[in-house]
Structure formats: structure tokens, C-alpha cells
Amino acid sequence: MSEDSMGPGHRAGAGHRRKPPKRRRAVAIAAWTAAGVLVLGGAGLGYYYVKFNGNLKSVDIDAALGTDRPADVDNGSMDILVLGSDSRDGANSEYGRDDGGSARSDTAMIVHLYEGHEKASVISIPRDTLVTRPSCQTSAGTTDPGGPRRMFNESFTVGGAACAVKTVEQMSGIRMDHYIEVDFTGFKKIVDNLGGVEVTTTKPIKDSASHLDLPAGTHKLNGEQSLGLVRTRKSVGDGSDLGRIQLQQAFMKALIKQVKGIGMFDNPKRLLDLADTATKAITTDSKLGDVKSLMGFASGLQGIDSQDLQMITLPVGGDPRDPNRVVPLTKESRLVWDALLKDAPIPAEATANSAGDKGTAGTLVR
């Protein structure tokens, strides 16, 4: 993305603190977190409040970023940055060399809930997207100056959640109302506690890197297989992150159907097990960092079906200087951000020329 399309000039009026809607309904946020957040809507009282509060981890994004953010405007919509962390530290080390806890945002989605929270748009950001990264505070207390042509997922590595949010807000001009993060191990456990997720593959999918081997047909994927699917890259499409994003979006819709179909609110034990797993798996912004707040947020995440989702990849094209990287298409990306700022559907012309929405990987799973 060119610097003029990402600068602070696009920030004015960009935030949007919501008015209390008459009917709180929303979408299960992403393949990484939909199930986990949904279950909290029915969590118990007393002991369970204490237990789940102890499980939760949160980050004070407001304190970290201060006033250097897009304006906070009330128009009834809500935006959430959802990240999947790919640290190989500890229990995640089986997915690659132990990195001592240096995590990257393996998956990134902006979820825009429209006014009334009856529809949503989901914009996936390829991890290899080159952006102009803002300066960020590091975990060591120093300042990383950022700069142009930096990979998007490095923002999380450099400065954690706050830097990832700051990068998204700078490139979009949209204030993020909330932040949710989940890691590999937590994702697996959520899917296993759900009893698996049913998907149909139209062609065989075999990927040695993600340890996935599925023939064509219908499968009930456990947590390990589900993680393999959303991590599969080299064996689908052109082998880039763009094909993997399409698989993630297809899995997200399958997961929403699964959550809606298992009647978990009629099974208190399953509900509490899921809530325990979910609160251990996720990291949120501080506004969602306690059970009461998270339950209030989750109570609106039960109404929208997969057909109410508009899912796209940020409009990108190949980087002329590096075939392994992509760059945002300036005009088309602006169409996306402007639509969200206006709380309007994303126009078709925004994705017409995007490499991210031209592939066939998404048709492999339904």
C-alpha cells in the first residue's frame, strides 16, 4: 500500500462507538474464536465466574496506544481485530522449531458488525502483506521505529497486540473496538470440545507441512485436523497465504454451522467445558477482560448465520520487487475501508482485481 493511502489523513471520523442496538445479534467471529466466545453467553454464576475470570488474559490497548488513534464515533457498528498466534513456544512447539515465545499473527481478520448487528463483513489480511508499520513499543521497553515495506505479521512479533492494532488502524483509518487472540493449542481444544467440525472436501487435500491428509468427501475434523486445514498452504492454490485464507474462511462458515447445530446450550456440562477451554485459549482487550463483559459481548453472537457474512481478502496484488510478498491495491483497499467507515456493504469492484479473491482454494471445502 502506498504511504498516501495509509497515512493519518484517513483517520478523521473513522472510529465508531456503537449505540445499544434494539436487538443484539452478531456473528461468530472467526475460525479461531467463534466457538469459544459463543459459549460464554450461557456460562454459570458464582464459582464459575471466579474460575473463568482467572483463566482470562487481557491487554489494555487503550493505555498502550493513548490518543494516537482514529476518532471514536458513534454510528452503531463495531470492529474487532481477530488474530491467530503462531508461537512455537511450549505446547505449540510440535508445529515447528521452538521460538522461545516469539509469536506472529498467523491469521488476521477484521470483523465489521453492521449497525443492528444482523450482518457482518470479514476482511482477511494476508500475513505476507507489505505495509508501512508505525513505531511501536517492544516488550523490552524500547521503541521500534517501523517503516515502509514491513510484513504485516511482524507487527505482532515486534510489539504484540498493541502494535498489531496500531498497524491495522493506521492502514485502514478505522478504530478497533475490540481485540481477540487465540493460539494453536487453544484452537484445537475448542474444536475437540465441540465434538469436531464437519466439512466436505471436493478434492483430496494432502499437505506434509500441516500434517493433513484428507480424501475427497465429508469428514468430521477433530481439533488437530481442523488446525491442519486452516494452516494448509503449500498444497492448495498457488501455495501462497492467499489459498490458506480461502480455506480459513470456508472453515469459519462450517464452524458457525457446527456451533448452531449441536444444541450446546441444552447441555450444561458441555457448555461449561467449552467456556473453561475458551477462556484459557483467548487473549482479549481489557474491555472484554472479565467474564461479565465477555458474556455481555457474547450474548450478541448467536443470531447470524453463515449466509449473513460477507467474507473477502484485503485487495492485494503481487509485489513487483519480491514474488513472495503482496501489496495492498491502493484504490481497491480504499473502497473497502470507506465502505466500513460508512457502515455499508463492501462493493464488488473492491475485489474484482484482487489476487486474494481469484483463487479456487475456497471451493475445496464446503
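The values are calculated or read from the model by the stated rules, or taken from the named source; none is laboratory data. Please read all numbers here as calculations on a predicted model, not as lab measurements. Cβ atoms come from the backbone with ideal geometry, glycine included; neighbour counts cover every protein chain shown. Please note that ligands, DNA and RNA were not included when accessible areas were found on the heavy atoms of the full protein model with its side chains. Shrake-Rupley method; radii C 1.70, N 1.55, O 1.52, S 1.80 Å.
Do any residues in the range 176-191 that are at negative phi have Cβ atoms under 6 Å from those of residues that are open to solvent by 10 Å² or more (accessible area, probe 1.4 Å) and aromatic (Phe, Trp, Tyr), where the two are at least six apart or on different chains, and which pairs are they?
PHE184/TYR95
If you go through the range 174-181 one residue at a time, do you hit one that is assigned to a helix (DSSP H, G or I), within 30 Å of SER135 (Cβ to Cβ) and among the acidic types (Asp, Glu)?
Looking for residues that are assigned to a helix (DSSP H, G or I), within 30 Å of SER135 (Cβ to Cβ) and among the acidic types (Asp, Glu), one finds none in the range 174-181, hence no.
Looking at the range 114-130, is at least one residue open to solvent by less than 10 Å² (accessible area, probe 1.4 Å), within 26 Å of ASP72 (Cβ to Cβ), under 16 Å from the mean Cα position of the chain (by Cα) and free of Cβ contacts under 8 Å to residues at least 60 places away in the same chain?
No, the conditions are met nowhere in the range 114-130.
With the checklist (1) assigned to a strand (DSSP E or B); (2) under 26 Å from GLY318 (Cβ atoms); (3) aliphatic (A, V, I, L, M) in hand, flag the one item ALA209 doesn't pass.
Among (1) assigned to a strand (DSSP E or B); (2) under 26 Å from GLY318 (Cβ atoms); (3) aliphatic (A, V, I, L, M), ALA209 violates only (1).
Which one of ALA281, ALA298 is within 16 Å of ILE190 (Cβ to Cβ) and modelled with pLDDT of 85 or more?
Values: ALA298 fails: modelled with pLDDT of 85 or more.
Residue meeting the stated conditions: ALA281.
This table checks each residue for (1) of a type outside the set (A, V, I, L, M, F, W, C); (2) open to solvent by 10 Å² or more (accessible area, probe 1.4 Å).
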{"residue": "MET151", "(1), (2)": "no, yes"}
{"residue": "GLU154", "(1), (2)": "yes, yes"}
{"residue": "VAL158", "(1), (2)": "no, yes"}
{"residue": "ALA164", "(1), (2)": "no, no"}
{"residue": "GLU169", "(1), (2)": "yes, no"}
{"residue": "SER172", "(1), (2)": "yes, no"}
{"residue": "PHE187", "(1), (2)": "no, no"}
{"residue": "SER210", "(1), (2)": "yes, no"}
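Pick from the range 171-223 the residues that are closer than 19 Å to GLN246 by Cα and among the acidic types (Asp, Glu): which of them is nearest to the chain's Cα centre (by Cα)?
Looking at the filtered set, the residue picked out is GLU198.
Taking the range 48-76 on its own, how many of its residues are of a type outside the set (Phe, Trp, Tyr), at pLDDT below 90 and open to solvent by less than 10 Å² (accessible area, probe 1.4 Å)?
1
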